[in-house]
Each structure stands twice: as C-alpha cells, then as structure tokens.
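The values are calculated or read from the model by the stated rules, or taken from the named source; none is laboratory data. In this text the structure is predicted, and so the values were computed from the model without any measurement. Cβ coordinates were reconstructed from backbone atoms using ideal geometry, including for glycine residues, and neighbour counts include every protein chain displayed. Surface areas here come from the heavy atoms of the whole protein model, side chains and all, with no ligands, DNA or RNA. Shrake-Rupley method; radii C 1.70, N 1.55, O 1.52, S 1.80 Å.
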Amino acid sequence: MKKIAVLTSGGDAPGMNAAIRSVVRYGISEGMEVYGIERGYAGLIENVFLPMNMRSVSDIVQRGGTILRTARSPEFTTDQGQELAVKFLQKRGIEGVIVIGGDGSFRGAEALSKRGIPTIGIPGTIDNDLAYTQYTLGFDTACNTVLDAINKLRDTMSSHDRICIIEVMGRNCGDIALHAGLGGGAELILVPEVPVTYLEILDRLNDDRSKGKYSSIIVIAEGVGKAEELREKIKDSLGASVRATVLGHLQRGGSPSCRDRYLGTCWGVHAVKLLKEGTGNRVVGIRDNRFIDLDIDKAMKMKKEFNYELYEMANVVSNSAINKY
Ligand code: ADP
Ligand code: F6P
C-alpha cells in the first residue's frame, strides 16, 4: 500500500494529535504518501485532502483537540455519501484509510472497508465506552482534568462545610465518573450503570453529617442526570449548603497525558502496519497491556461490562458508592 489517508471523527479527544503524528511519520518512513482529511467524513465527501509531510505534524503531540478538526456527517451514513467518498478516494489513488473516533466513526470505517477501501479504526473518545479495548484515547486526560477539578472544589467546599455536586461527561458510560471519583476520593459516585434513589443519597449524606462530616463531593455522570436538578432535590431535605458545578467540555480539552500520547503513538504505528499488509476492517486497542486488533463488527458487538468490583472498591475505600450494586 503506497497511499493512505487519516481522519478524525465524532467527539474530539486529547491524544488524537499524537495518533495523527504517528500515522503520518511512520507511514512516510515506510515509503507511503499520507493525506489528512479535514473535518471527518464531511471532509471526505467534500473531497478535502491535505498532503502531509514530516513537518506537517511538528509541535502537535502536546496539543489537545485535532489539527484535522472533526465533524459529524449524517450524509456519510447514506449510500450516496459513501459512494461519493469511495469515488474521491479512488480518484486520488488512496488505498487505505485510518479513522480516529468512536463507535459511530467505526461504523463508517466498516462501510468503507466493505466498499473496497481497507480502513482501520483507532479508538478516540474520552468516554472509554468501547467494550473491545480497555482504554480509548482521551479517557486518561479527561479523568485527570476531572481530578484537578475535584481537588480544587474540595478545597473551597470543605472550607465552608458545603456539599458539591460535580457533573461529568458520560451519557451511557460512567467510567470518567468512576475512575476520577475514585481517584479524587469522592464520597458519592453516581453512574448510569448503577441506579440510586434520592433517599439513598440523603441517607448517606445524613449518615456522614451525623458523624461530623459536613462537606462531601458527589460526582455524577451526565447520563444519570443534571447536577443542578440533584442539588434542588437534596438541599432542602439536608438543610445543608449545596453547590453544583458542570465541567462540560473542559473534559474534552487539555494537553494529552503521557498515557494518551503513548497510546496514540503506538496505535498510529499499529494501524499503518495493518494497512501496509493490506488488512482493513479492523480496530486497534489494548487489553491487559497488550496491543490488539480485531474485526470492526465483532468489536462493535461486544457489550461494555461495568466494573462493579472497582465501584465496590470505591464504596469501601472512599465510602463513595451507595449500593453494594
Ligand atoms: P463517535 O465516532 O464519537 O461515536 P458519532 O456517533 O457522532 O461519533 O459518529 C461520527 C460520524 O461517523 C457520524 O457523523 C457519521 O458521519 C459517521 N457514522 C456514524 N454512524 C455511522 C454508520 N452506521 N454508518 C456510516 N457512518 C456512520
Ligand atoms: O462522546 C464524547 C462526548 O464528550 C460525550 O461524553 C458528551 O456527552 C458528548 O461527546 C458531547 O457532544 P458534543 O461535543 O457534540 O456536545
């Protein structure tokens, strides 16, 4: 394979630039021409291709976001959109594509592979919601962003005997809340995978207050609900001062952590190696500290299992979960 392209798609994530840099530099070192496609699949069907060289990716490994930008493209979910994409790729003689994104983007990669353009997916989403891999790009950086917020909020909340509810990203997956909450010693961690009632929350907080613990941190994943709504529900019953903070898109930015740069770099090389041998329709990942790749459809059919053991550990060690589960 002598000509390949790389794009970023879906929600951006810290570490995407490390992956782009690795794809470009390793691809060129293997004698390939490498093109960047701007704005994900939208750029692909608009025929926007940027020839990349070694210097195109200088000084980006430490930057969050994606130099290729990203976009969502409903048109690419249609046959017409995909046929247009294949036409543009074939016209330019591009023989393989690397897609950095989440599960939706991987369905696009599968569509390209089935239409004769071998495509490899690199998991890039802060949610860490892909079952086939233990980590996705951006998750570690996002957890550290949340951890920094927990530390700062705990300083001021404990000074005022206040309770703070911190809303983090994660619509169907509570991994950011769980990992950052555990690391931050949050007293309560609320995740979509474990239903909790207001009464149970109040019982826990009242129990803490009866033991003289007047300040707590509650981390709530957005998939459970809004921090402000929970604050409204508990502040009067508790007779305590409660504040709510929504971290929002702060969690999507920031300089990638060492781990995210490491993963992005290794996955970029892994993806180019697969294309070089003519392999497509696969996603790369990591399990038990070993780099893996597997068929996209197989990977997407795997169901993410919630780590109840870690949730229980948080419950015991930082007294932060309500239920056993
Ligand atoms: P993520 O990759 O983070 O899950 P999205 O779900 O928004 O993000 O998907 C990103 C893009 O991938 C969409 O805008 C669309 O262009 C493409 N895509 C999503 N699902 C499919 C699909 N089933 N078939 C083809 N392309 C898809
Ligand atoms: O999928 C990653 C993610 O950051 C989710 O955690 C969040 O709910 C969503 O993207 C936000 O999407 P947007 O950037 O389109 O508002």
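The table that follows gives values for the structure above.
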read-out	value
Within straight-line cross-link reach of K298, aspartates and glutamates at Cα separation under 18 Å, skipping those fewer than 8 residues along the same chain	D103, E110, D129
Accessible carbon and sulfur surface of the stretch 162-304 relative to its total accessible area, %, 1.4 Å	50 percent
Binned Cα-Cα distances of the chain, short to long, each 20 Å bin given as a whole percent	33, 47, 19, 1
Degrees separating the helix 139-159 axis from the principal Cα axis of the chain, which is the longest one	20 degrees
Degrees between helix 258-276 axis and first principal axis of the chain (Cα, 0 to 90, nearest 10)	30 degrees
Net dipole in debye of the stretch 14-108 [+1 Lys, Arg Cβ; -1 Asp, Glu Cβ; about Cα centre; nearest 20]	260 debye
Nearest-10 value in Å² for the accessible area of D103, using the 1.4 Å probe	80 Å²
Entries in K152/K303; K3/K114; K273/K303 that, when Cα-Cα distance is taken, lie over 24 Å	K152/K303; K273/K303
Length-normalised contact order for the chain - Cα pairs under 8 Å, 6+ apart - percent	24 percent
Local net charge near K3, Cβ-Cβ under 14 Å (Lys/Arg +1, Asp/Glu -1)	+1
Which of L263, N307, I45, positive extreme of dipole for the chain (C-beta unit charges)	I45
Heavy atoms of H249 accessible to a 1.4 Å probe, total area in Å² rounded to 10	130 Å²
Förster-model FRET efficiency, 56 Å R0, K114 and M313, C-beta, rounded to 0.05	0.85
Protection proxy ranking of 219-229, 8-18 - average other beta-carbon atoms within 10 Å, highest first	8-18, 219-229
Helix 198-210 axis, angle to the chain major axis (alpha carbon atoms, nearest 10°)	60 degrees
